[in-house]
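First comes the structure, then the notes that go with it.
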Amino acid sequence: MLFSSIVFLFYFLPAVLLLYYLFRRWTPVKNGILLVASLFFYAWGEPWFVLIMLASIVMNYILALLVDRYREQQIVKFYLALTVVLNIGLLFVFKYLDFFLRNIGQAMNRDLPLTNLALPIGISFFTFQALSYVVDVYRKNGKVQKNPFYVALYIAFFPQLIAGPIVRYASIDEQIVHRKETWDKFSVGVCRFIAGMGKKVLLSNNFAIVADRIFDSYQMGGMPVMLAWLGSVAYTLQILFDFSGYSDMAIGLGLMFGFKFEENFNYPYISRSIGEFWRRWHISLGKWFKEYVYFPLGGSKVKNMDIVIRNMLVVWLCTGLWHGAEWTFIVWGLINFAFLVFERFIDLENKPGHNILKWCYTMFVVNLGWVIFRAENLVYAGNYIKCMFGLDGSGFFSDYAWMYLREYGIFFLLGAVFCVPIGKRCNYLIVNGKVCTAVMDVLYPILMMGIFLICVTYLVKGSYNPFIYFNF
């Protein structure tokens, strides 16, 4: 079930909110309502997927109890290792097994039988959350939860279940039992949800039309430079507003139920280095890999630079693989790793001046990276990039590019505007009374309602509504 769908907006969410606030004074009851609603939400498309998630919940609940009970004994390391093996093993079977079988078969020049298992939606997100729960209990960063239903709520909570942000247990354990719902939280949550839906439905979905048409048209042959670059820029904007919009909706939904999640995006396309980009993009994933992979390997504290580079390599191989079981994702991760090492050696971020050049370099690398990320395979990616630099002989100008710009130019303009913190600045001025409060008390709700109604109009019309991160 998509947040940006009629079923969710007019049936599921109103029903859950009504039941929740009827019983909001009884914490066990309201948490039970959220848990049942979350399981129903997850089971909506493929009911059997919920069994996999329930198995993960039960497994990690038991392992956390064992880790907490035997914390002072040597066997605790066995239980911790078992936690890692079982969680990563579950992820490997459903997400990576066929990829490895296919590549082993190619290396052996024979066809190995594949499992063809369907990928459970959001398995990477809920597996990482479950794994971090047990590790946090081991590190004493959070108390073990003896109520299995509360562990289930933490892992299965529907706002962040299928697309994050990845919520660490230590940041939410107190909220499960002691959170407070307020009108301020609810109203801010509604506005945040609508803003995220606007990003997703009005911007990302329109960029998706342009990107998909151009990338699909390439399969019929080469393309002019102008059209190839337009396709790559459209996808660069699509993936930002797709994922950041969904994160905004998740954070908004959390606030409606009294939960406060950490931010997941901070205007990544204003970055002036790849390092800064990754501190602004998918923040919760970056923090997860830093906390549970990079630091345990030694991080940057070791004196040997070779070991630091090795640690970075492991993290970025894992980051690439986390996004998908294809060589394109692995190469994409390695490209980010290579530029991060390059920036570390030349100390790019501390070099004075040249901010425009730094931004151009960063967006050039990010844009090419997204082409590889989007491509079906490495050959496709390489040929598409050749078109971007005019190496396939298809010329520069394109009538189709001009057509797309005339039809979707307003969306590209809005996309460029909302890549910078103009919305954040306007919100600051409104909240802090820097503009006429009486006027904004009237105009702001009208603006939010207008965005909501326009989005609903698009959805009712059955407009194109893909979601990239369902694949991860």
How many residues are among the charged types (D, E, K, R) and without any contact (Cβ under 8 Å) to a residue 40 or more places away in the chain if we restrict to region 264-286? 2
Which residues, taken from region 205-237, are polar (S, T, N, Q) and modelled with pLDDT under 95? N205, N206, S217, Q219
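One line per residue, one yes/no per condition, for (1) outside the structural domain of Y269 (by TED's automatic domain parsing); (2) exposed (fewer than 15 other Cβ atoms within 10 Å of the Cβ); (3) over 30 Å from W322 (Cα atoms); (4) out of contact with any Asp or Glu (no Cβ under 9 Å at 6 or more places or on another chain):
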| residue | (1), (2), (3), (4) |
| --- | --- |
| E349 | no, yes, no, no |
| H354 | no, yes, yes, yes |
| C360 | no, yes, no, yes |
| M363 | no, no, no, yes |
| F373 | no, no, no, yes |
| L391 | no, yes, yes, yes |
| S398 | no, no, yes, yes |
Residue check: is L253 farther than 27 Å from G122 by Cα and part of a helix (DSSP H, G or I)? no
Yes or no: region 72-91 includes at least one residue that is hydrophobic (A, V, I, L, M, F, W, C), surrounded by fewer than 13 Cβ atoms within 10 Å (Cβ to Cβ) and modelled with pLDDT under 90. no
Looking at Y246, Y235, which one is of a type in the set (S, T, Y), assigned to a helix (DSSP H, G or I), under 23 Å from Y464 (Cβ atoms) and touching a Gly at 6+ places or on another chain (Cβ under 9 Å)? Y246
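Conditions (1) in contact with a Lys or Arg (Cβ under 6 Å, 6 or more places away or on another chain); (2) of a type in the set (F, W, Y); (3) farther than 29 Å from M197 by Cα; (4) not assigned by TED's automatic domain parsing to the domain that holds F158, marked per residue:
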position: L17; (1), (2), (3), (4): no, no, no, yes
position: L34; (1), (2), (3), (4): no, no, no, no
position: L51; (1), (2), (3), (4): no, no, yes, no
position: V58; (1), (2), (3), (4): no, no, yes, no
position: D68; (1), (2), (3), (4): no, no, yes, no
position: Q73; (1), (2), (3), (4): no, no, yes, no
position: K77; (1), (2), (3), (4): no, no, yes, no
position: G89; (1), (2), (3), (4): no, no, yes, no
position: F92; (1), (2), (3), (4): no, yes, yes, no
Of (1) surrounded by fewer than 12 Cβ atoms within 10 Å (Cβ to Cβ); (2) without any contact (Cβ under 8 Å) to a residue 60 or more places away in the chain; (3) within 29 Å of E276 (Cα to Cα), L378 satisfies all except one. Which? (1)
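Is it the case, given these coordinates, that S171 is crowded, with 23+ Cβ neighbours inside 10 Å and of a type in the set (S, T, Y)?
Answer is no for this residue.
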Residues that are at pLDDT 85 or above and either farther than 30 Å from E46 by Cα or of a type in the set (D, E, K, R) (or both): find the helices (runs of 4 or more DSSP H) completely inside region 362-472 holding 3 or more of those. 378-388, 399-417, 437-460
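The values are calculated or read from the model by the stated rules, or taken from the named source; none is laboratory data. Bear in mind the structure is a predicted one, so any value in this text is a computation, not a measurement. All Cβ positions, glycine included, derive from the backbone under ideal geometry; neighbour counts span all protein chains shown.
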